[in-house]
Amino acid sequence: MHLLLRILAAGCAAVPLLACSPTLNWRELALDEGRLQTTFPCKPDRAQRTQTLGGHEVTLHMAGCEAGGALFVVAHLQLPPGVPAQPLLAHWQHDAVQKLQASSWSDEAARIKGAAQEPAPLRRRAQGVDARGRALAMEAVWFTRGAHLYHAAIYAPQLGTAMRDPFFGALELR
């Protein structure tokens, strides 16, 4: 009888360990040399690449990871000297829905702590398809401060508040 109780106790002790391993394990992260504070639900990989955006060559710095069936991404770039933010943001926003092959999208004002109000921060929700033709939703924000442009996005078959609120709510420029 005592052996059975010990086996059950050991099994019950292991159950909370499994429950403490959440799908979305939020952690704080500073990006862009500490200018942007945010959270990710997993440990993000970081990369950078040079690309053409709106006819200008820029270096795009990215951090991203996958958790809970979703891809979480934050990207930023520094404007080339003398280039205004609005045209580059417009290209970036257009590219996002084009790559998603979005069939529909909606825009609204976004609130990002510390972001410039001109150009105004934008939140876009879109429905499209992934590279394999499966339905994919995107929610993204674009915002600026000085010569720095930022983009944060979540891509998933379905987006919920457990993904959205901690990710977008933690974005803060310092």
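Dipole magnitude for region 16-96: about 120 debye, using +1 per Lys or Arg Cβ and -1 per Asp or Glu Cβ, origin at the Cα centre. Can you classify region 129-174 as rounded, prolate or oblate using the Cα gyration tensor, where a ≥ b ≥ c are the square roots of its eigenvalues, rounded means a/c under 1.5, and otherwise it's prolate if a/b beats b/c and oblate if not? Oblate is the answer for region 129-174, as a/c is 1.5 or above yet b/c matches or exceeds a/b.
Taking the C-alpha atoms only, the angle from helix 85-99 to the longest principal axis of the chain is near 50 degrees.
The angle between the Cα long axis of helix 2-19 and the longest principal axis of the Cα atoms of the chain comes to about 10 degrees, rounded to the nearest 10. Backbone phi angles across region 42-53, fed through the Karplus curve with coefficients 6.51, -1.76 and 1.60 (θ = phi - 60°), yield HN-Hα couplings of 6, 6, x, 7, 10, 7, 9, 8, 8, 8, 9, 9 Hz in residue order; Gly and Pro are listed as x. With contacts taken as Cα pairs under 8 Å and at least 6 residues apart, the chain reaches a relative contact order of 20 percent. Across region 109-159, C-alpha contacts under 8 Å between residues 6 or more apart give a mean separation that, scaled by the residue count, equals a relative contact order of 31 percent. For the chain, a Kirkwood radius taken over Cα pairs fed into Stokes-Einstein (25 °C, viscosity 0.890 mPa s) yields D = 138 µm²/s. Helical runs (DSSP H, four residues minimum) scored at -39500 (n - 2.57) apiece and divided by the length of the chain put the mean residue ellipticity at 222 nm at -8000 deg cm²/dmol.
Which FRET efficiency, nearest 0.05, do GLN158 and ALA116 yield, Cβ-Cβ r, R0 41 Å? So, using R0 = 41 Å, E works out to roughly 0.80.
Of VAL58, VAL129, the order by accessible heavy-atom surface (1.4 Å probe, DNA, RNA and ligands excluded), from most exposed downward, is VAL129, VAL58. In this Cβ point-charge picture (+1 for Lys and Arg, -1 for Asp and Glu), region 40-174 has a dipole of about 180 debye about its Cα centre.
The values are calculated or read from the model by the stated rules, or taken from the named source; none is laboratory data. Every value quoted in this text rests on a predicted model; they were computed, and no experiment measured them. Cβ atoms come from the backbone with ideal geometry, glycine included; neighbour counts cover every protein chain shown. We work out accessible area using only protein heavy atoms, side chains counted, and drop any ligands, DNA or RNA first. Shrake-Rupley method; radii C 1.70, N 1.55, O 1.52, S 1.80 Å.
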